[in-house]
Amino acid sequence: MAARVAMKFTRECFISRKLKSNNITRYYFATAASTANPLNIPKEVPHVSKKGRLLTGATIGLLIGGGAYASTVDEATFCGWLFNATKLVNPIFSFLDPEVAHRLAVSAAARGWVPIEKRPDPPILELEVWGRRFSNPLGLSAGFDKNAEAVEGLLGLGFGFVEVGSVTPVPQEGNPKPRIFRLPKDGAIINRCGFNSEGIVVVAKRLGAQHGKRKLEMSSTTSSAGDEVVHGGKAGPGILGVNLGKNKTSEDAAADYVQGVHTLSQYADYLVINISSPNTPGLRQLQGRKQLKDLVKKVQAARDEMQWGEEGPPPLLVKIAPDLSKQDLEDIAAVALALRVDGLIISNTTIQRPDPVSKNPVSQEAGGLSGKPLSDLSTNILKDMYILTKGKIPLIGCGGISSGEDAYKKIRAGATLVQLYTAFAYGGPALIPKIKAELAQCLERGGYKSIHEAVGADCRQP
């Protein structure tokens, strides 16, 4: 086992860079040929700064040390070491501009420069929703991988599902920068990005390539495993959600969402209509009873008119805001039940600034607030919606989750699945296995044998 882990470590660290090395080699010889030196005068060796030498030495040291460590432990232990090692790197991102740090994080995941979870999830976390198997209920919410650049890398981190987007029909830049603001002491972020998106055509190409790769993997696995069930979704070992948005200048919101459905639904394990971002003018008005009813009908019709295989069309969810009145919630619940909406995501960011965030000067920035200060507000809305829908519609709890205990509270309040984003931005990959382990402990402590048993526990009559 130890030998195999060491060999695998070496292969992933060095052989995966073979193409890059070949390109460098070709470039070297091409350059040498074009700049032949008939007098054989030695060329000056490029100067390498002290920092560069230190960084190179540290990298080589980590590789050698990691290889030596890998040779003495089993794969699960080494995997845990890799996740813990990210705690050393993650603080560096706090010194960068928030949007620059975000882009670097997405790029790292897209290139596979993040650890891969090899350890199985605790069996108690496994569940089935919409006929799809989730190895755990912890997901990454929309907003992190807006353009589906890093689906494989993010699913590999151990999320039960990843939601990409929001994706708009036509590419748009979003709101002017700066538009992301950290409140680290409060564990919060304010953003006013405004659906910055590369558009559905670009996203469709990426998801199409990922989908094709997944089909080949499933075909290979199925043929070698015989009758054994191959788990996962359309993009990998986890479930993929696609969050749809509208363009800022669009006058027909329904047409935008319909276009998104026609182009992207074939690659999605579930779809989301995002009508609750506070950063697109007029978007939240679509949460009104009549507007929501008309919109959902048109989007459902667009999805159902397409041809689907045995597994049927992807479930259609609606993402709502936490800043809703009691009447608003009742209207949304009535529409969701009447039209048999497949699920609701509760909730998006808030325009409120609850204490102690209100005392922070950064809180004056316009935009949606996410993170710990959103926890109680979103959980209360979640509980109200679970009661209003009588537990008949699967709910995804989102807002302020940074621990297994937070996830457990969402589940007891009515969530079947949960999502995080802000805590992941601050805590990095090491947070994922930590939350899953804590959640499993919470369920066992409560005497539950599964996630489904705990859903809505705080809403039931004693």
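The values are calculated or read from the model by the stated rules, or taken from the named source; none is laboratory data. What you see is a predicted model; the values in this text were computed from it and never measured. Cβ coordinates were reconstructed from backbone atoms using ideal geometry, including for glycine residues, and neighbour counts include every protein chain displayed. The accessibility values were calculated without ligands, DNA or RNA, using every heavy atom of the protein model including side chains. Shrake-Rupley method; radii C 1.70, N 1.55, O 1.52, S 1.80 Å.
Compare TRP308, TRP81, TRP113 by solvent-accessible area with a 1.4 Å probe and give them largest first, with all protein chains kept in place. Let's see the in-between values first.
Details: TRP308 65, TRP81 90, TRP113 165 Å².
From most exposed to least exposed: TRP113, TRP81, TRP308.
So how do GLU198, GLU251 rank on accessible area, 1.4 Å probe, biggest first, that is with the largest at the start?
GLU251, GLU198
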> What are the ³J(HN,Hα) values, in whole Hz, obtained from phi via the Karplus relation 6.51 cos²θ - 1.76 cosθ + 1.60 with θ = phi - 60°, for each residue of segment 412-422 in sequence order, with x given for Gly and Pro?
Replying inline: 5, 7, x, 7, 8, 10, 9, 10, 9, 8, 4
> How much accessible area does THR249 have with a 1.4 Å probe, in Å² rounded to the nearest 10?
Replying inline: 120
>> With every protein chain kept in place and ligands, DNA and RNA left out, what is the accessible area per residue of segment 72-138? Probe 1.4 Å, answer in Å².
In response: 54
> Cα-based Rg (one decimal) and Dmax (whole number) for segment 320-386, in Å?
Replying inline: 13.6, 44
> Once the Cα gyration tensor of segment 76-175 is diagonalised, what are the square roots of 5 times its eigenvalues, in whole Å and ordered largest first, as equivalent ellipsoid semi-axes?
Replying inline: 25, 21, 10
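Could you check how much of the accessible area of segment 349-396 is carbon and sulfur, as a whole percent, using a 1.4 Å probe? Numbers along the way, then the final one.
Details: 1240 of 2400 Å².
C and S atoms contribute 51 percent here.
What net charge do the residues around PRO169 carry, taking every other residue with its C-beta under 11 Å from that of PRO169, with Lys and Arg at +1 and Asp and Glu at -1? Display every interim value, and only then the final one.
Details: positive: LYS246; negative: ASP252, ASP256.
Charge balance in the 11 Å sphere: -1.
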> In a shell of Cβ-Cβ distance under 13 Å around ASP97, excluding ASP97 itself, what net charge do Lys and Arg (+1) and Asp and Glu (-1) give?
Replying inline: +3
>> Quick check: the distance between the Cα centres of segment 145-205 and segment 82-120, to the nearest angstrom?
In response: 15
> If you plug each phi of segment 161-172 into the Karplus form 6.51 cos²θ - 1.76 cosθ + 1.60 with θ = phi - 60°, what whole-Hz ³J(HN,Hα) values come out, in order, with x for Gly and Pro?
Replying inline: 7, 10, 10, 9, x, 6, 10, 9, x, 10, x, 8
> What list of ³J(HN,Hα) values in whole Hz, one per residue of segment 306-311 in order, does the Karplus curve 6.51 cos²θ - 1.76 cosθ + 1.60 (θ = phi - 60°) give from phi, with Gly and Pro shown as x?
Replying inline: 7, 8, 10, x, 4, 6
> Heavy-atom accessible area of HIS452 with all protein chains present, probe 1.4 Å, nearest 10 Å²?
Replying inline: 90
> Roughly how many Å² of ARG289 are accessible to a 1.4 Å probe, to the nearest 10?
Replying inline: 120
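Between VAL89 and MET306, what length in nm is gained on full extension when 0.36 nm per residue of separation is reduced by their alpha carbon distance?
On the way: separation 217, 0.36 × 217 = 78.12 nm, distance 4.55 nm.
Answer, rounded to one decimal: 73.6 nm.
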> So who's got an amide H within less than 5 Å of the one on VAL318, skipping anything under 5 residues away but keeping other chains? H placed 1.01 Å off N, in plane.
Replying inline: ILE273, GLY343, LEU344, ILE345
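Given the convex hull over the Cα atoms of segment 288-413, what projected area results after averaging over all orientations, in nm²? Before the final figure, lay out each step's value.
Working: hull surface 37.4 nm².
Convex hull of Cα atoms, orientation-averaged projection: 9.4 nm².
Once the other residues with Cβ under 9 Å from the Cβ of ASN274 are scored (Lys, Arg +1; Asp, Glu -1), what is the net sum? Provide the component values of the computation, followed by the final result.
Numbers: positive: LYS246, LYS319; negative: none.
With Lys, Arg at +1 and Asp, Glu at -1, the net is +2.
Whenever you get a sec, line up ARG445, ARG119 from highest to lowest accessible area (probe 1.4 Å, protein heavy atoms). Could the numbers behind the result be given before it?
On the way: ARG445 155, ARG119 70 Å².
Reading off the accessible areas and sorting them downward yields ARG445, ARG119.
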